[in-house]
Amino acid sequence: MKIRSYPGRRFLLGSALVFLVISVQAQDVKNDFASKISGKHFIFKAQTATPTSGRLRQLTSDYDVKVSGDSLIAYLPYFGRAYSAPIDPTDGGINFTSVSFDYKYSQRKKGWDLTIKPKDANGIQDLSFTIFDNGTASLRVNSINRQPISFNGYLEK
């Protein structure tokens, strides 16, 4: 008796193997981001900015927020309404370095919610991140003297 080979069988087996490899890689990426968030070591790269009372703006320069254990460095633009003018006219963005901040995160169904409250950054109340399993993220910056602004981007791998 001859055993026949069905072309569909190879396709199904190949598809299952590809699915398995993609699933394992996705889980590895998720675990990588989980360790970065829990270890306080990641870089958020901003790609777009959305002011509270404005339209979405594509960012063409390199803007980011770096979290490195005991330090937080923010270099972001600001578009929107300020309730008081800065003393230094060149200080128009969200630029600060903090070494004293509260860091709280929680896992959600497909990612994490993270809130950072700097204690030594004048005018900044908090940075609220929503980070997804695939590394995309959104950030909302709440200030004392400015309207909130949101950014969309990704975490560096």
Output the number of the condition that GLN47 fails; it satisfies all remaining conditions of (1) in contact with a Gly (Cβ under 9 Å, 6 or more places away or on another chain); (2) part of a loop (DSSP other than H, G, I, E, B); (3) surrounded by fewer than 16 Cβ atoms within 10 Å (Cβ to Cβ).
(2)
Only one of PHE129, PHE96 that is of a type in the set (A, V, I, L, M, F, W, C) and under 11 Å from the mean Cα position of the chain (by Cα)
PHE129
Taking PRO118 as the residue in question, decide whether it is in contact with a Leu (Cβ under 7 Å, 6 or more places away or on another chain) and of a type outside the set (Ser, Thr, Tyr).
yes
For a quick check of your reading: which strands (runs of 3 or more DSSP E) sit entirely within the range 76-157 and have at least 2 residues that are under 19 Å from ALA46 (Cβ atoms) and not hydrophobic (A, V, I, L, M, F, W, C)?
94-98, 111-118, 124-132, 136-143, 149-155
For LYS117, are the conditions met, namely being out of contact with any Ser or Thr (no Cβ under 7 Å at 6 or more places or on another chain), within 25 Å of ASP32 (Cα to Cα) and surrounded by 16 or more Cβ atoms within 10 Å (Cβ to Cβ)?
yes
Run down THR52, THR136 and say which single residue is of a type in the set (Val, Ile, Thr), in contact with a Phe, Trp or Tyr (Cβ under 8 Å, 6 or more places away or on another chain) and on the phi < 0 side of the Ramachandran plot.
THR136
All conditions in (1) farther than 14 Å from LYS36 by Cα; (2) buried (at least 16 other Cβ atoms within 10 Å of the Cβ); (3) not charged (D, E, K, R) are true of TRP112 except (1)
Odd one out for ILE124, checked against (1) of a type outside the set (Gly, Ala, Ser); (2) within 20 Å of LYS36 (Cβ to Cβ); (3) crowded, with 19+ Cβ neighbours inside 10 Å
(2)
Which members of the range 125-151 meet the condition of being β-branched (Val, Ile, Thr) and free of Cβ contacts under 8 Å to residues at least 40 places away in the same chain?
THR130, THR136, ILE144
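FYI, it's all coordinate maths here, none of it is from the lab. What you see is a predicted model; the values in this text were computed from it and never measured. Counting neighbours? That spans all protein chains shown, and the Cβs are built from the backbone with ideal geometry, glycine included.
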